[in-house]
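Read the structure below first, then the notes.
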Amino acid sequence: MKLEILYLSLKDIQGLSVPMGQIVGWVEEALRLKGLGKTEMPPKPGIHTRPDAFIHAMPAYLPNLKAAGMKWVSGYPDNFKKGLPYISGLLILNDPETGIPIAVMDCTWITAMRTGAVTAVAAKYLARPDASVIGIIGCGVQGRSNLEALAAVLKKITTVKAYDARPESQKAYVEEMGKKFKFNVVGVGSPKEAVTSSDVVVTAVPIAKDPQPVIEDSWLKPGALAAPVDLDTLWKAEVMQKVDKFCVDDTPQILRFKSEGYLKSLPEIYADLGEIVAKKKPGRQNDKEKIMSMNLGLALEDVAVAIHIYQTALEKGIGRKLPL
């Protein structure tokens with residue numbers, strides 16, 4: 001038997017033109033299966049070769065999708081100074097029956113899209129249905145993918161308030177997102193302006209082990225959903241402690257991060273997002289609840305998206321087959 005893998009570059013994956021709405025659906029199903037206990041996924045271990053940098057190993061198995069694999073991903077916050085992306089890495093898929101690798105692909109697009117998709121799933125169950133004002137702090141790749149995903153599930157968005165510590169990044173974001181979407185995208189002068197009066201607030205800056213948080217409880221309005229994809233880097237402990245529901249995408253993973261020195265003031269966890277998607281626990285129950293859904297990204301989301309990407313690439317004859 002000839003052993004070979006399908007190699008998919010970033011360009012290959014982008015060329016498949018998979019719509020964000022479809023990715024949100026794939027991620028929602030993966031979280032539902034997790035909530036039902038039908039996935040296998042240990043908390044991700046990592047190594048740290050520079051301050052606030054990481055290289056993580058993220059394995060997962062989803063029997064219902066016949067998908068097994070691992071993402072080997074890095075995040076280096078100073079890479080922009082070298083003209084390099086913050087996130088880079090590879091994703092490997094294995095045949096669940098034999099363990100033989102069947103595909104190796106770039107993981108940057110998958111990471112960006114599935115992270116945005118998780119925020120969208122959280123918003124579907126935890127944001128107010130009439131949410132119209134979105135606050136985005138961090139105008140990089142995640143700021144873009146999170147807004148694209150939110151637009152796929154929240155149909156009443158009218159205004160996006162964007163802030164970035166780097167004015168040039170904020171300006172580029174406002175111009176690009178303003179052209180891409182019909183709603184009003186405006187740059188604001190501070191994190192407070194981005195948070196105040198927003199129905200959904202996404203923070204997407206590099207994760208810091210010793211953060212200097214700025215967002216205060218009084219900034220977050222009643223009924224708002226806070227969706228950090230950067231731990232507590234920008235959120236003061238009082239915000240997390242005072243929300244009505246504090247949700248995460250995976251409790252064991254959050255506790256692993258806390259054991260490593262992150263999240264020094266972790267509140268009581270209401271539910272994993274998968275439990276809410278699987279209807280084991282209720283999501284938003286009234287229009288006044290302040291809810292935080294802290295989603296760090298799960299290997300099962302990567303593998304769920306990757307198996308669909310792999311199957312689509314095979315159907316379309318995209319990628320390069322390489323011998324093992």
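The values are calculated or read from the model by the stated rules, or taken from the named source; none is laboratory data. Here the structure is a predicted model, which is why all the values come from computation and not from measurement. Positions of Cβ are generated from backbone atoms using ideal geometry, with glycine treated the same way; all protein chains shown enter the neighbour counts.
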- Pairs, please: C-beta under 6 Å, at least 6 apart or cross-chain, first residue assigned to a loop (DSSP other than H, G, I, E, B) and in segment 15-40, second of a type in the set (A, V, I, L, M)? Leu36/Ala278; Thr39/Leu33; Thr39/Leu62; Thr39/Leu300
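Ala165 - would you say it is in a loop (DSSP other than H, G, I, E, B), among the small types (Gly, Ala, Ser) and surrounded by fewer than 22 Cβ atoms within 10 Å (Cβ to Cβ)?
Numbers: in a loop (DSSP other than H, G, I, E, B): yes; among the small types (Gly, Ala, Ser): yes; surrounded by fewer than 22 Cβ atoms within 10 Å (Cβ to Cβ): yes.
Against the criterion (in a loop (DSSP other than H, G, I, E, B), among the small types (Gly, Ala, Ser) and surrounded by fewer than 22 Cβ atoms within 10 Å (Cβ to Cβ)), Ala165 qualifies.
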- Item | Checklist (1) in a strand (DSSP E or B); (2) in contact (Cβ under 8 Å) with a residue 60 or more places away in the chain applied to Ile55, failing item | (2)
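Evaluate the following for Lys258: is it within 23 Å of Val205 (Cα to Cα), charged (D, E, K, R) and free of Cβ contacts under 8 Å to residues at least 24 places away in the same chain? Quick ask: steps written out before the conclusion?
Working: within 23 Å of Val205 (Cα to Cα): yes; charged (D, E, K, R): yes; free of Cβ contacts under 8 Å to residues at least 24 places away in the same chain: yes.
Spelling it out, Lys258 is indeed within 23 Å of Val205 (Cα to Cα), charged (D, E, K, R) and free of Cβ contacts under 8 Å to residues at least 24 places away in the same chain.
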- Message: Suppose the filter is of a type in the set (D, E, K, R) and closer than 22 Å to Lys38 by Cα; does Glu260 pass it?
- Response: no
- Report whether or not Ile276 is touching a residue at least 40 places away in the same chain (Cβ under 8 Å), out of contact with any Phe, Trp or Tyr (no Cβ under 7 Å at 6 or more places or on another chain) and either of a type in the set (Gly, Ala, Ser) or surrounded by 18 or more Cβ atoms within 10 Å (Cβ to Cβ) (or both). no
- Task: Working only within segment 178-194, note down all residues that are more than 17 Å from Gly140 (Cβ to Cβ) and either outside the structural domain of Pro213 (by TED's automatic domain parsing) or among the hydrophobic types (A, V, I, L, M, F, W, C) (or both).
- Result: Phe181, Phe183, Val186
- Hey, Val188 among the aliphatic types (A, V, I, L, M), touching a Leu at 6+ places or on another chain (Cβ under 7 Å) and within 19 Å of Ser132 (Cα to Cα) or not: no
- Selected residue (only one of Val243, Val214, Val202 is more than 28 Å from Gly46 (Cα to Cα) and at pLDDT 95 or above): Val243
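So, Ile318, is that one in a loop (DSSP other than H, G, I, E, B), at pLDDT 95 or above, over 27 Å from Arg128 (Cα atoms) and among the hydrophobic types (A, V, I, L, M, F, W, C) or not? Walk me through how you get there before you give the answer.
Details: in a loop (DSSP other than H, G, I, E, B): yes; at pLDDT 95 or above: yes; over 27 Å from Arg128 (Cα atoms): yes; among the hydrophobic types (A, V, I, L, M, F, W, C): yes.
It is true that Ile318 is in a loop (DSSP other than H, G, I, E, B), at pLDDT 95 or above, over 27 Å from Arg128 (Cα atoms) and among the hydrophobic types (A, V, I, L, M, F, W, C).
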- Task: Just give me the residues in segment 207-227 being more than 14 Å from Ile134 (Cβ to Cβ) and either surrounded by 19 or more Cβ atoms within 10 Å (Cβ to Cβ) or without any contact (Cβ under 8 Å) to a residue 40 or more places away in the chain (or both), in sequence order.
- Result: Ile207, Asp210, Pro211, Gln212, Pro213, Val214, Ile215, Glu216, Asp217, Ser218, Trp219
- Message: Between a residue in segment 1-12 that is under 21 Å from Thr98 (Cα atoms) and any residue that is at pLDDT 95 or above and in a loop (DSSP other than H, G, I, E, B), which pairs come within a Cβ distance under 8 Å, given they are 6 or more apart or on different chains?
- Response: Leu3/Ile100; Leu6/Gly319; Tyr7/Gly319
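For segment 220-236, does any single residue satisfy the condition of being hydrophobic (A, V, I, L, M, F, W, C), within 18 Å of Ile23 (Cβ to Cβ) and in contact with a helix residue (DSSP H, G or I) (Cβ under 7 Å, 6 or more places away or on another chain)? Reasoning before the result, please.
Of the residues in segment 220-236, the ones hydrophobic (A, V, I, L, M, F, W, C) are 220, 224-227, 229, 231, 234-235.
If we keep only those that are within 18 Å of Ile23 (Cβ to Cβ) as well, we get 227, 229.
Narrowing the set further to residues that are in contact with a helix residue (DSSP H, G or I) (Cβ under 7 Å, 6 or more places away or on another chain) leaves 227, 229.
Within segment 220-236 (the criterion being hydrophobic (A, V, I, L, M, F, W, C), within 18 Å of Ile23 (Cβ to Cβ) and in contact with a helix residue (DSSP H, G or I) (Cβ under 7 Å, 6 or more places away or on another chain)), the answer is yes, since at least one residue qualifies.
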